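A short worksheet on the structure shown next.
The values are calculated or read from the model by the stated rules, or taken from the named source; none is laboratory data. This is a predicted model, so every value here is computed, not measured. Ideal geometry is used to build each Cβ from the backbone, glycine not excepted, and the neighbour counts take in all protein chains shown. These accessible areas exclude ligands, DNA and RNA; they are computed on the full protein's heavy atoms, side chains included. Shrake-Rupley method; radii C 1.70, N 1.55, O 1.52, S 1.80 Å.
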Amino acid sequence: MDEKKVIFSGAQPSGKLTLGNYLGALKNWVALQDEYNCYYCIVDLHAITVPQEAKVLRKNTIDALAQYMACGLDPEKSTIFIQSHVSAHAELNWVLNAITYMGELNRMTQFKEKSKKNEANLNGALFTYPVLMAADILLYQTDLVPVGEDQKQHLELARNLAQRFNNRYSDTFKVPDPYIPKVGARIMSLQEPTKKMSKSDENVNGFIGLVEDADSIARKVKRAVTDSLGVVKYSDEQPGIKNLLTIYSKLSGKSVEEIESMYEGKGYGEFKQDTAEVIVEGLRPIREKYEDLLKNKDYLENIYAEGAEKAERVARKTLRKVYKKVGFVPRKFIY
Ligand code: TYM
């Protein structure tokens, strides 16, 4: 029997992954692989809660897989798969929807924000999105979920749904805990440093892609919004500088205090130039590996095929229990 604790996490293939995704989540995913039994998913079902062009979604999904692996996810250690390949996710989603209150979903801040942006396409899936996320997590009897700060509220719902189901039907699900980094849990937009960095930002200068080219990164950092105080200091009054300091620190391994003292008495120009350099160099190996991986589509196909097969076995087992407990007649064909 596998004694290791279970980790589950995922990212949406709704565009290119960003530096925010990396520092808030993926960097942790990689670090946790040896100690835990990890499931890392590309959540394409979640992605269609906003309009997607089929061709682009397909490409972004494979790109996300290549980026996961370029960051260091290892299919020998972790189960890496595409959400829509394991239909148990959609099935458990339905059952959990039946025990979710409208009021709970109404309180979700991400829904409130996203619905402001998509008023013309306010669909039901966007509203119930956190329930699907709970299904993702609970299917694998997950102990820990490494995510950025923005997913904390969704995780709270996953915990509540697990407990509610367990109370109503008897013990079925592990109640998962969030795993959020102390530094870098919320990387901000370079253009509006009071908003989180997001891959769906209309202003492309607000985010840095995980596999973006060096010139473009340097340009965006140079343009990053700062302030007129002129001191490199980690302070809430200077959200732009604070954000760049966080990024610099996470990618260089230097502490924030160390970096502050390196730039004492120096202007923002030099600090920004060095920050750009740290980002470019930090991401370079990822970009190179990503480009390499994309040349080998068969290899990638193998990874996600095997990943889905492994995930399916575990997910089905949980789903079978759930179906039995809610009172569905067991299927009599083999699946
Ligand atoms: P998504 O695709 O928006 O983001 C993937 C991961 O990246 C983190 N993240 C950030 N961290 C720090 N700073 C930022 N600016 C930043 N932007 C994003 C997110 O917190 C997340 O960990 N609903 C999820 C995907 C999901 C999921 C799951 C996650 C679906 N099912 C089950 C965990 C477990 C989402 O939209 O993440």
Next item on the list: Report yes if residue 217 is within 15 Å of the chain's Cα centre (by Cα), at pLDDT 95 or above and farther than 24 Å from residue 136 by Cα, otherwise no.
Entry: no
Next item on the list: Only one of these is more than 20 Å from residue 286 (Cα to Cα) and touching a Ser or Thr at 6+ places or on another chain (Cβ under 6 Å): 230, 240. Name it.
Entry: 240
Note to self: Residues that are among the β-branched types (Val, Ile, Thr) and away from the ligand (no atom under 14 Å from the Cβ), at least 2 per element: which helices (runs of 4 or more DSSP H) completely within segment 170-286 meet that?
What the structure shows: 214-223, 256-262
Check: When segment 266-318 is examined, which residues are found to be within 21 Å of the chain's Cα centre (by Cα), under 30 Å from residue 252 (Cβ atoms) and small (Gly, Ala, Ser)?
Finding: 282
Next item on the list: Could you identify the single residue in 30, 43 that is near the ligand (Cβ under 9 Å from one of its atoms) and touching a Gly at 6+ places or on another chain (Cβ under 6 Å)?
Entry: 43
Next item on the list: State which residue is nearest to residue 15 (Cα to Cα) when the search covers only segment 45-75 and only residues that are hydrophobic (A, V, I, L, M, F, W, C) and open to solvent by 40 Å² or more (accessible area, probe 1.4 Å).
Entry: 56
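Residues checked against (1) more than 19 Å from residue 12 (Cα to Cα); (2) not hydrophobic (A, V, I, L, M, F, W, C):
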site: 183; (1), (2): yes, no
site: 186; (1), (2): no, yes
site: 194; (1), (2): yes, yes
site: 211; (1), (2): no, no
site: 222; (1), (2): yes, yes
site: 225; (1), (2): yes, no
site: 232; (1), (2): yes, no
Note to self: Condition first: free of Cβ contacts under 8 Å to residues at least 12 places away in the same chain, more than 9 Å from the ligand (Cβ to nearest atom), farther than 26 Å from residue 116 by Cβ and basic (Lys, Arg). Can you find one or more residues in segment 59-66 that meet it?
What the structure shows: yes
Item checked: Cβ-Cβ under 7 Å pairs, at least 6 apart or on other chains, segment 314-335 side more than 20 Å from residue 97 (Cα to Cα), far side surrounded by 10 or more Cβ atoms within 10 Å (Cβ to Cβ) -> 314/140; 330/324
Check: Does at least one position in segment 109-124 carry a residue that is touching a residue at least 24 places away in the same chain (Cβ under 8 Å) and open to solvent by less than 20 Å² (accessible area, probe 1.4 Å)?
Finding: no
Next item on the list: Only one of these is in contact with a Phe, Trp or Tyr (Cβ under 6 Å, 6 or more places away or on another chain), open to solvent by 50 Å² or more (accessible area, probe 1.4 Å) and either under 27 Å from residue 264 (Cβ atoms) or among the small types (Gly, Ala, Ser) (or both): 242, 222, 182. Name it.
Entry: 242
Note to self: residue 6 - would you say it is within 16 Å of the ligand (Cβ to nearest atom), among the aliphatic types (A, V, I, L, M), in contact with a Phe, Trp or Tyr (Cβ under 8 Å, 6 or more places away or on another chain) and closer than 23 Å to residue 162 by Cα?
What the structure shows: yes
Margin query: Where the second residue is assigned to a loop (DSSP other than H, G, I, E, B) and among the aliphatic types (A, V, I, L, M) and the first is under 28 Å from residue 247 (Cα atoms) and lies in segment 171-183, which pairs have Cβ atoms under 8 Å and are six or more apart or on separate chains?
Written below: 178/147; 179/147; 180/147
Checklist line | Number of the exception - residue 159 against (1) within 14 Å of the ligand (Cβ to nearest atom); (2) basic (Lys, Arg); (3) open to solvent by less than 50 Å² (accessible area, probe 1.4 Å) | finding: (3)
Note to self: Can you report the number of residues in segment 121-145 which are more than 8 Å from the ligand (Cβ to nearest atom), hydrophobic (A, V, I, L, M, F, W, C) and touching a strand residue (DSSP E or B) at 6+ places or on another chain (Cβ under 7 Å)?
What the structure shows: 1
Note to self: Exactly one of these conditions fails for residue 310: (1) open to solvent by less than 50 Å² (accessible area, probe 1.4 Å); (2) under 26 Å from residue 136 (Cα atoms); (3) touching a Ser or Thr at 6+ places or on another chain (Cβ under 8 Å). Give me its number.
What the structure shows: (1)
